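K.L.:
Dropping the structure in here first, questions after.
The values are calculated or read from the model by the stated rules, or taken from the named source; none is laboratory data. Not measured: the values here are computed from a predicted model. A quick note on method: Cβ atoms are made from the backbone with ideal geometry, for glycine too, and the neighbour counts reach across all protein chains shown.
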Amino acid sequence: MPVSAARFSNFRLSTESLALERGGRILLSALDLSLDAGCALVVTGRNGAGKSTLLRALAGLLPPASGRIRLAGADGKDADSGTHTHYAGHLDASKGTLTARENLAFWQSMLALPAYPSPMSPENALTRLALPHVADLPVGYLSAGQRRRVGLARLLLAPRPLWLLDEPMNALDTQAQHLFTQCMREHLANGGIIVAATHAPLGIPAMQLELGSPQDGGEHAS
């Protein structure tokens, strides 16, 4: 049975003259971005160009070398990135000895916020990603693609306006890719924002940013 997704107020993500470094090396500089509610940005580039570093900085996990990152709420005031952001990295952050249902129930309880009541149960989220049959299996027994889907299901369980996705289609088969594309499209339609680092097409309308090219040094994406 379909479950309605959360709807978000108007958020806006922007960067101003952003520079990031890793290991003392500048990966990108003078980066200006502007993403309004309902918009997506796909970040591409060679390995080591700084895609994951950019996502971690936007999530508030890495400090900029210079410049500014700003997430603004509907009132125009700065919003805390930790409260309003989902960061889905390469690791699925699931405990192998717990079942898929138990993992999701744990994350739902940890991530629940009064501002964003969850529209889904763990069972609903697993069904959306075609995994109802693994609900009671330990995650450690699942295939790489199934574990990836369990990890992505956290995005549905604990709504947040900003999704930061690092190679979200990794290990997903064609059916699973289609299902997650539908989830991303629904998130955007409900006023969410997506920034995704990927080598694979996502099937969503999005602006493009290629790192490791002249575009990441002072171009404005909006």
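K.L.:
Any chance the range 71-87 includes a residue that's touching a Ser or Thr at 6+ places or on another chain (Cβ under 7 Å) and either among the acidic types (Asp, Glu) or at pLDDT 90 or above (or both)? Give the derivation first.
P.N.:
Let us first name the residues in the range 71-87 that are touching a Ser or Thr at 6+ places or on another chain (Cβ under 7 Å), namely 71, 73-74.
This time we only want the ones that are either among the acidic types (Asp, Glu) or at pLDDT 90 or above (or both), so: 71.
The answer is yes; a qualifying residue exists.
K.L.:
Right, another one. Determine, yes or no, whether residue 35 is crowded, with 19+ Cβ neighbours inside 10 Å and either at pLDDT 95 or above or not aliphatic (A, V, I, L, M) (or both).
P.N.:
yes
K.L.:
Also, I was wondering about something else. Identify, please: which residue in the range 132-149 is of a type in the set (A, V, I, L, M, F, W, C) and buried (at least 20 other Cβ atoms within 10 Å of the Cβ) and is, among those, nearest to residue 97 (Cα to Cα)?
P.N.:
Top of the filtered list is 139.
K.L.:
Restricting to the range 66-93, name every residue that is in a loop (DSSP other than H, G, I, E, B) and surrounded by fewer than 16 Cβ atoms within 10 Å (Cβ to Cβ).
P.N.:
Within the range 66-93, 74, 75, 76, 77, 80, 90, 91, 93 meet the criteria.
K.L.:
Out of curiosity, is residue 103 under 20 Å from residue 187 (Cβ atoms) and of a type outside the set (D, E, K, R)?
P.N.:
Working: under 20 Å from residue 187 (Cβ atoms): no; of a type outside the set (D, E, K, R): yes.
When the stated conditions are applied, residue 103 does not pass them.
K.L.:
Filter the range 94-129 down to residues that are crowded, with 16+ Cβ neighbours inside 10 Å, small (Gly, Ala, Ser) and farther than 27 Å from residue 9 by Cα, then give me how many there are.
P.N.:
2
K.L.:
Still on this structure: Among the numbered criteria (1) closer than 24 Å to residue 118 by Cα; (2) touching an Asp or Glu at 6+ places or on another chain (Cβ under 6 Å); (3) of a type in the set (Ser, Thr, Tyr), which one does residue 87 miss?
P.N.:
(2)
K.L.:
A further question on this structure: In the set 49, 30, which member is within 20 Å of residue 199 (Cα to Cα) and among the small types (Gly, Ala, Ser)? Before the answer, list the steps.
P.N.:
On the way: 30 fails: within 20 Å of residue 199 (Cα to Cα).
Going through 49, 30 in turn, the sole match is 49.
K.L.:
Can you tell which of 88, 57, 72 is more than 22 Å from residue 180 (Cα to Cα) and either touching a Phe, Trp or Tyr at 6+ places or on another chain (Cβ under 8 Å) or among the β-branched types (Val, Ile, Thr) (or both)?
P.N.:
Only one candidate qualifies: 72.
K.L.:
How about the range 11-50: which of its residues are of a type in the set (D, E, K, R) and assigned to a strand (DSSP E or B)? Let's see the steps before the verdict.
P.N.:
If we filter the range 11-50 for residues that are of a type in the set (D, E, K, R), which is where we start, we get 12, 16, 21-22, 25, 32, 36, 46.
12, 16, 21, 22, 25, 32, 36, listed by residue number.
K.L.:
In addition: Would you mind finding the one in 63, 122, 114, 132 that is without any contact (Cβ under 8 Å) to a residue 60 or more places away in the chain and under 26 Å from residue 209 (Cα atoms)?
P.N.:
Every option except 63 fails the conditions.
K.L.:
Quick one: residue 7 ticks every box in (1) modelled with pLDDT of 95 or more; (2) closer than 21 Å to residue 205 by Cβ except a single one, so which number is it?
P.N.:
So the condition that residue 7 fails would be (1).
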